[in-house]
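Notes to accompany the following structure.
The values are calculated or read from the model by the stated rules, or taken from the named source; none is laboratory data. Predicted, not measured: the structure shown is a model, and the values here were computed from it. Note that each Cβ is placed from the backbone with ideal geometry, even for glycine, and that neighbours are counted across all protein chains shown. Ligands, DNA and RNA are stripped out before the accessible areas are found, and what is left, the full protein with its side chains, is counted by its heavy atoms. Shrake-Rupley method; radii C 1.70, N 1.55, O 1.52, S 1.80 Å.
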Amino acid sequence: MERISHFIAGKVVPGESGRRGQVFDPATGRQTHEVDLASTEEVARAVEAARSAARTWGLTSLAKRAEIMFRVRQALDAHRGDIARAITAQHGKVLSDAMGEVARGLENVDYACGIPNLLAGRYAERASTGVDVYSVRQPLGVVAGITPFNFPAMVPLWMLASAIACGNAFILKPSEKDPLASMLIAELIAGAGVPDGVLNVVQGDKVAVDALLAHPDVQAISFVGSTPIARGIYESAAHHGKRVQALGGAKNHMVVLPDADIDMAADAAVSAAYGSAGERCMAVSVVVAVGAVADPLVDAIAARLPKLRIGPGAEADSEMGPLVTGAHRDKVASYIDAARAQGAKVVVDGREHERYSGDGFFLGASLIDHVTTDMDCYRDEIFGPVLSTVRASTYDEAITLVNANPWGNGAAIFTRDGGAARRFGEEVEAGMVGVNVPIPVPVGYFSFGGWKQSLFGDVHIYGPESVNFYTRAKVITQRWPDPATSAVDLGFPQTR
Ligand code: NAD
């Protein structure tokens with residue numbers, strides 16, 4: 001059984017805690033790896049390595065850091081396929097989707113290559129007579145990121161590219177379900193010239209996370225995962241006096257107005273609901289069909305499902321792979337029974353797919369119609385290939401329903417009416433909005449973040465907001481007066 005260990009101070013370090021987790025190939029259902037689970041002491045060793053590396057790295061010139069980030073980009077780009085194969089082997093998503101994940105992660109490295117420009121401060125000459133004021137942003141020191149299973153390469157890159165470019169040392173605690181991609185990325189980044197200790201990976205579970213939260217030398221925590229854990233991380237990090245951003249789960253609605261092109265809306269709903277087997281925080285999990293569009297839209301979605309090619313992610317013609325674990329697959333499937341018992345209509349039951357009863361953690365695409373907001377399949381984040389359809393009679397009813405939902409990650413509208421789309425953009429309570437775009441993940445030079453219980457904290461992740469998150473501001477007010485003019489003045493300094 002191959003073992004996945006930690007990466008500390010530039011080398012692979014076998015775990016000593018005696019605790020290990022199991023890692024599976026979701027396409028076969030068989031265990032392929034063991035992963036070390038770090039103890040509090042092992043986390044402390046990683047923090048110490050990061051602390052000593054951060055001192056020199058934070059004083060490295062912007063020119064040098066940018067040069068190294070360009071090399072990081074080259075190294076990751078040259079190994080896109082290897083990273084994608086590591087993702088597919090442990091997450092299960094199809095290879096083309098994994099390649100897309102790597103590409104979106106690389107956008108964050110592209111952005112970080114511009115760090116000299118991003119960190120250039122402001123200068124106000126003669127802010128007061130003989131006085132100049134300027135601002136700089138300096139690294140925090142040691143920062144940590146805790147990432148979910150569903151994007152084992154992209155979400156780490158959302159965090160670490162900016163964190164490192166800003167002059168910090170970073171400790172990544174990846175998901176214990178699919179830790180291989182993070183090790184590959186760490187080794188590639190170290191090989192590209194990032195000094196030892198600037199990027200460390202500690203494998204682990206709650207023990208490692210709690211150790212990072214409590215460690216006095218960890219200055220900031222970036223978390224992405226489910227809402228209950230995000231809320232706890234936010235509260236604990238704040239309790240320990242740390243800067244924190246904790247991105248949580250989602251229930252993303254796609255509103256389809258009566259004037260929308262039905263086939264285009266159905267294509268988009270199917271792509272966004274079942275891509276990556278629905279294990280995306282920006283997946284569409286609810287279609288809100290307005291007025292007469294409902295019946296033809298449900299029919300059009302249902303007609304597409306038997307054509308989806310479901311199979312192992314590594315097989316070239318698969319479009320949708322398995323779910324990440326057997327337990328998760330079974331939990332997702334349980335929502336189909338609950339929906340039926342609660343009065344919804346199960347249009348397509350994914351358990352009838354032939355793959356469901358074979359090897360691996362497969363579940364076919366499921367479609368549930370006539371869902372209401374009190375049903376479990378609407379109230380919970382299912383995080384699997386189950387799409388619910390809710391019917392609304394008017395736009396107003398639809399927007400009220402979307403805004404009453406406690407999550408606010410993404411929301412989309414499908415329409416040919418520019419005025420309605422503009423109104424939706426203004427009124428919808430979500431952090432990322434798509435107009436005829438079902439998965440509106442912002443490009444790397446904008447920032448990503450939801451509203452309400454999809455994000456605890458006030459700063460979004462990657463892009464411009466990440467530069468603020470991973471640095472602290474300093475404003476310097478200076479003057480060089482002639483000492484002969486010096487005098488005591490107890491008044492509060494005023495501008496002149
Ligand atoms: P998760 O919350 O179970 O785990 C996320 C991370 O937290 C992992 O590293 C895990 O080891 C750690 N963790 C788990 N339990 C913990 C505990 N009790 N204490 C401390 N740490 C703990 O999430 P997941 O199942 O890996 O990922 C799926 C979830 O992530 C979904 O809810 C999805 O919506 C969300 N997600 C959100 C975004 C976003 O940008 N908002 C992006 C991707 C995924």
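Quick check: the distance between the Cα centres of the stretch 133-162 and the stretch 377-405, to the nearest angstrom? After rounding, the separation between the Cα centres reads 32 Å. Pairs over the 32 Å Cα-Cα cut-off, from the set 177/242; 11/452; 307/331; 177/474; 173/452; 206/331: 11/452; 177/474. Computed with a 1.4 Å probe over protein heavy atoms only, the accessible surface of the chain comes to 41 Å² per residue. The label-point distance for residue 422 and residue 372, in a model that sets each label 7 Å from Cα toward Cβ, rounds to 3.7 nm.
Distance between the modelled labels on residue 488 and residue 207, one decimal in nanometres: 6.2 nm (7 Å Cα→Cβ projection). Residues whose amide H falls under 5 Å from that of residue 201, counting only those 5 or more places apart or on a different chain, are 7, 8, 172, with hydrogens built in the peptide plane.
Expressed as a whole percent, the accessible area of the stretch 252-435 that falls on carbon and sulfur atoms is 49 (1.4 Å probe).
Among residues other than residue 80 with Cβ under 12 Å from its Cβ, the summed charge is 0 (Lys and Arg +1, Asp and Glu -1).
Shown in residue order for the stretch 247-256 are the 3J(HN,Hα) couplings computed by the Karplus curve 6.51 cos²θ - 1.76 cosθ + 1.60 at θ = phi - 60°: 8, x, x, 7, 9, 8, 9, 10, 8, 10 Hz (x for Gly and Pro). Near the amide H of residue 33, within less than 5 Å, lie the amide hydrogens of 23, all on another chain or at least 5 residues away, with H placed in the peptide plane. Other residues lying with their Cβ under 12 Å from the Cβ of residue 303 contribute a combined charge of -1, Lys and Arg counting +1, Asp and Glu -1. Between 0 and 90 degrees, the angle of helix 395-404 with respect to the longest Cα principal axis of the chain falls at about 60 degrees. From its DSSP helices (H runs of at least four residues, each -39,500 (n - 2.57)), the chain gives a residue-normalised ellipticity at 222 nm of -11500 deg cm²/dmol. Remark: the stretch 241-294 carries a charge dipole of roughly 600 debye about the Cα centre, counting +1 on each Lys and Arg Cβ and -1 on each Asp and Glu Cβ. For residue 3, neighbours were defined as the other residues whose beta-carbon sits under 12 Å from its Cβ, and their charges (Lys and Arg +1, Asp and Glu -1) total -2. The HN-Hα couplings worked out from phi for the stretch 21-26 by the Karplus form 6.51 cos²θ - 1.76 cosθ + 1.60 (θ = phi - 60°) are x, 9, 10, 10, 8, x Hz, whole numbers, x standing for Gly and Pro. Amide H contacts of residue 244: 221, each under 5 Å away and 5 or more positions distant or on a separate chain (H built 1.01 Å from N in the peptide plane; Pro and chain starts excluded). Against the main long axis of the alpha-carbon atoms of the chain, helix 80-91 sits at an angle near 60°. Relative contact order of the stretch 252-435, taken over Cα pairs closer than 8 Å and 6 or more residues apart, is 27 percent.
Could you please state, rounded to a whole Å, how far the C-alpha centre of the stretch 53-76 is from the C-alpha centre of the stretch 443-469? Measuring centre to centre over Cα atoms gives 23 Å. Normalised by the number of residues in the chain, the mean separation of alpha-carbon contacts (under 8 Å, six or more apart) gives a relative contact order of 18 percent. Per residue, the average separation of C-alpha pairs within less than 8 Å and at least 6 apart gives the stretch 1-81 a relative contact order of 24 percent.
Distance between the C-alpha centres of the stretch 201-217 and the stretch 110-129: 34 Å, rounded to the whole angstrom.
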